[in-house]
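The values are calculated or read from the model by the stated rules, or taken from the named source; none is laboratory data. Since we're looking at a predicted model, the values are computed, not measured. Glycine gets a Cβ as well: all are built from the backbone with ideal geometry, and neighbour counts include every protein chain shown.
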Amino acid sequence: MKRGFKIVSSKKDQEIHLPQRQTTRAAGYDFEASEDFVLPSIWKGNFLKALWQVHQQKKLTDEEFKSADSCLKPYLVPTGIKAYMQPDEFLLLANRSSGPFKRRLILPNGIGIVDADYYDNDSNEGEIFFQLINYGLRDYHIKKGERIGQGIFMPYLIADGEEQPTAKRTGGFGSTKE
């Protein structure tokens with residue numbers, strides 16, 4: 001087996017679909033949400049209040065900045081899916097074209113990277129999450145089974161003369177050292 005998808009063991013009985021390409025020439029495999037999920041709008045609460053104060057050239061306290069900034073954090077939408085691949089490959093996670101256009105949902109970093117050693121890690125078995133922000137005016141209700149993003153298997157290259165890292169992955173999402 002070279003590359004593909006499996007359902008994580010904790011969600012085996014939840015009628016989750018494996019990612020699929022929708023047309024014969026599609027590069028991306030569409031991922032679905034594994035559960036209903038409410039993605040709050042960034043325009044709620046203290047963010048708008050702080051933005052107005054900044055516009056009015058008023059000083060904000062550190063607490064007001066923190067409170068407003070927390071509205072901008074992305075949410076991790078679960079898929080119930082893990083991906084296996086060759087050691088020199090990764091799974092690139094990307095927006096579906098309809099996400100920003102129709103639903104106002106985006107991956108805040110533009111893409112996501114799932115490394116080959118993320119599969120079956122001790123922390124979360126390698127479950128893939130889509131990190132999303134809702135920049136629409138209303139909260140967005142993602143339904144279980146709704147397509148939320150796409151994944152594309154990609155090879156990568158290593159630079160000449162690189163010393164091979166010896167560290168092994170010890171955790172799940174966002175666990176590599178900074």
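Quick notes
- Leading residue by the ranking (nearest to the chain's Cα centre (by Cα)) among those in segment 132-152 that are buried (at least 17 other Cβ atoms within 10 Å of the Cβ) and under 22 Å from Ala26 (Cβ atoms): Leu132
- The set of residues in segment 1-49 that are part of a loop (DSSP other than H, G, I, E, B), among the aliphatic types (A, V, I, L, M) and without any contact (Cβ under 8 Å) to a residue 12 or more places away in the chain contains only Ala26.
- When segment 108-122 is filtered for residues that are part of a strand (DSSP E or B) and out of contact with any Leu (no Cβ under 8 Å at 6 or more places or on another chain), only Asp115 remains.
- Residue, nearest to Arg138 (Cα to Cα), within segment 33-84, restricted to residues that are over 18 Å from the mean Cα position of the chain (by Cα) and of a type in the set (A, V, I, L, M): Leu48
- Among the candidates Glu125, Glu89, residue that is over 15 Å from the mean Cα position of the chain (by Cα) and at positive phi: Glu125
- Residue in segment 157-175 that is aliphatic (A, V, I, L, M), closer than 28 Å to Ile42 by Cα and either at pLDDT below 90 or surrounded by 14 or more Cβ atoms within 10 Å (Cβ to Cβ) (or both) present: no
- Output for segment 50-75, where each listed residue is touching a residue at least 12 places away in the same chain (Cβ under 8 Å) and either of a type in the set (Val, Ile, Thr) or surrounded by 15 or more Cβ atoms within 10 Å (Cβ to Cβ) (or both): Ala50, Glu64, Ser67, Ala68, Cys71, Pro74, Tyr75
- Among residues of segment 113-131, those that are under 16 Å from Ser9 (Cβ atoms), surrounded by 15 or more Cβ atoms within 10 Å (Cβ to Cβ) and either touching a residue at least 60 places away in the same chain (Cβ under 8 Å) or not hydroxyl-bearing (Ser, Thr, Tyr) (or both), counted: 6
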